[in-house]
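What follows is calculated from the coordinates using simple rules that are stated; it is not laboratory data. Note that the structure is predicted; figures quoted are calculated from it, not measured. Please note: Cβ atoms are built from the backbone with ideal geometry, for glycine as well, and neighbour counts cover all protein chains shown.
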Amino acid sequence: MFRFETAGESHGECLLATLTGLPSGIPIAQEAINHELWRRQQGFGRGGRMKIETDRVSIVAGVRHGQTIGAPIGMVIANADWKNWTESLPVTPGDMSLHKPVSRPRPGHADLSGAIKYNFPDARYILERASARETTARVAIGAIAKQYLAEFGIGILSHVIAVGPVRMPRAATWEEIVELNKKSEVLLGCVDPEVEQQMKGFVDEAYRTGDTAGGIFEVVARGLPVGLGSHATWDSRLDGKLAQAIVSMQAVKGVEIGSAEEGAASFGSKVQDTIHYRKDDREFYRGNNRAGGIEGGMTNGEELRVRGFLKPISTLRRPLESVDLETREPSKAAYERSDVCVVPAAGVIGESMVAIVLAGAMLEKFGGDSLVEAKRNYEGYLQQVREF
């Protein structure tokens, strides 16, 4: 089974990632993983931590001579900020007077619920693991999943649809998203420069007032075959797996596949994607893609489009009302160095989560202990689809 796990804390020594279930023979470019880690750090509105960390991966297991060997893959990403926390967060028993407690939980964060659940007197250890710093490891795993999917001609990219109330008035094409992701400098990840400047204005206002800004990102996957996922059981539906993967991201509170919100307010005749057939290509296609590439829990051959709704970051320079865990008295919430807007970065993380889910679906359908075997199975299936 295709499975991943991450370990590590925001200010700990490193982040760890393990990945099991990939076949042998997949070419792995370490620099491609590092490029994805770089993309995660970009975007207007990121905080001071991005100036400290230069995230680079070290693959320590499962890849030899540039290819997977069918064994579990292990990766390590060092935290440069660890040097500032070695005495306050030691692994062995240390000097508790150097501990940096978080006794004033932040509204919207895991602080209070986690402290109560795990019976900690403060939220420091909750903050350390709940931090979105953990997604660095997810992006490293997603980068490997992308390299596997690329062997089958599948590409995955993202762009930003909205920041605060500023929203793209139209759908972005795949070609626009490709061009956007070729840029060496990232502002807010919107394909329309004029709309992006309006988004920047909203983030500037958040900066100025000590606030934060959320938004909506969209992940697009292209080149998928018909039939990934299944209609047969609730937990085999691909849309359900994608929704869980996106909402598992820190600060994401909602997910949309295709034009779900618009469709909910429309008549059925305006929502369904009409079916057509190209005789020369012997291929079915849809007249539109309001379904976002999934019908009945299965891919239908159109572009997969998944949106994540990201709430504003919980850590505010102008903190909200809270309660001190020691005194139980009203207090302002704690503040730690944080971002103002992370919507473009969330798009990159979303790409990774979608890539992980799709890689799992491809492995489930086509199997194979080696890439050669998986490709043979895949080509056989494509021939079956052509002859349908």
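The protection proxy used here, the mean number of other Cβ atoms lying within 10 Å of each residue, ranks peptides 302-311, 284-293 as follows, highest first: 302-311, 284-293.
Each peptide in 143-149, 295-301, 76-82 receives the mean, over its residues, of other Cβ atoms within 10 Å, and ordering these scores from highest gives 143-149, 295-301, 76-82.
With bins 5 Å wide beginning at 0, the percent of Cα pairs of the range 181-230 falling in each bin runs 4, 14, 19, 18, 14, 9, 7, 7, 4, 2. An ellipsoid equivalent to the chain, defined through the eigenvalues of its Cα gyration tensor, has semi-axes of 37, 26, 19 Å when rounded to whole angstrom and sorted largest first. Could you give the Stokes-Einstein D for the range 269-372 in µm² per second, using the C-alpha Kirkwood radius, 4 °C, 1.567 mPa s? Translational D for this selection: 69 µm²/s. Taking the alpha carbon gyration tensor of the range 219-280, multiplying each eigenvalue by 5 and rooting it gives semi-axes of 24, 18, 13 Å, largest first. Put simply, the C-alpha atoms of the range 198-330 give a gyration tensor, and the ellipsoid matching it has half-axes of 40, 18, 13 Å, longest first.
Each principal axis of the Cα atoms in the range 1-43 has its own extent, and those three values, largest first, are 33, 21, 17 angstrom. Each other residue within a Cβ distance under 12 Å of residue 323 adds +1 if Lys or Arg and -1 if Asp or Glu, for a net charge of -1. Counting every C-alpha pair in the range 273-324, the share spaced more than 12 angstrom apart comes to 75%.
Of all complete DSSP H helices in the chain, those with a Cα span along the helix axis of 15 Å or greater and a mean Kyte-Doolittle hydropathy of 1.0 or more are 343-366.
Computed over the chain with a Gaussian network model linking Cα atoms closer than 10 Å, the most mobile of 90, 107, 312 is 90. Please list log₁₀ I(q)/I(0) at q = 0.32 Å⁻¹ for the range 301-347, using the Debye equation with identical point scatterers on the alpha-carbon positions. Taking Cα atoms of the range 301-347 as identical point scatterers yields -1.16.
Taking every DSSP helix (H) stretch of at least 4 residues in the chain, weighting each as -39,500 (n - 2.57) and dividing the sum by the residue count yields a mean residue ellipticity at 222 nm of -10000 deg cm²/dmol.
For the range 1-107, the spread of Cα coordinates along the three principal axes comes to 51, 37, 27 Å, biggest extent given first. Each Lys or Arg adds one and each Asp or Glu takes one away; over the other residues whose Cβ falls under 12 Å from the Cβ of residue 277, this sums to +1.
Please label the shape of the range 68-171 as rounded, prolate or oblate, based on the square roots a ≥ b ≥ c of the eigenvalues of the alpha-carbon gyration tensor (a/c under 1.5 means rounded; beyond that, a/b larger than b/c means prolate, else oblate). Because a/c hits 1.5 or more and a/b fails to exceed b/c, the range 68-171 counts as oblate.
Please work out the C-alpha center-to-center distance from the range 94-120 to the range 199-245 and express it in whole Å. Rounded to whole Å, the Cα centres lie 29 Å apart.
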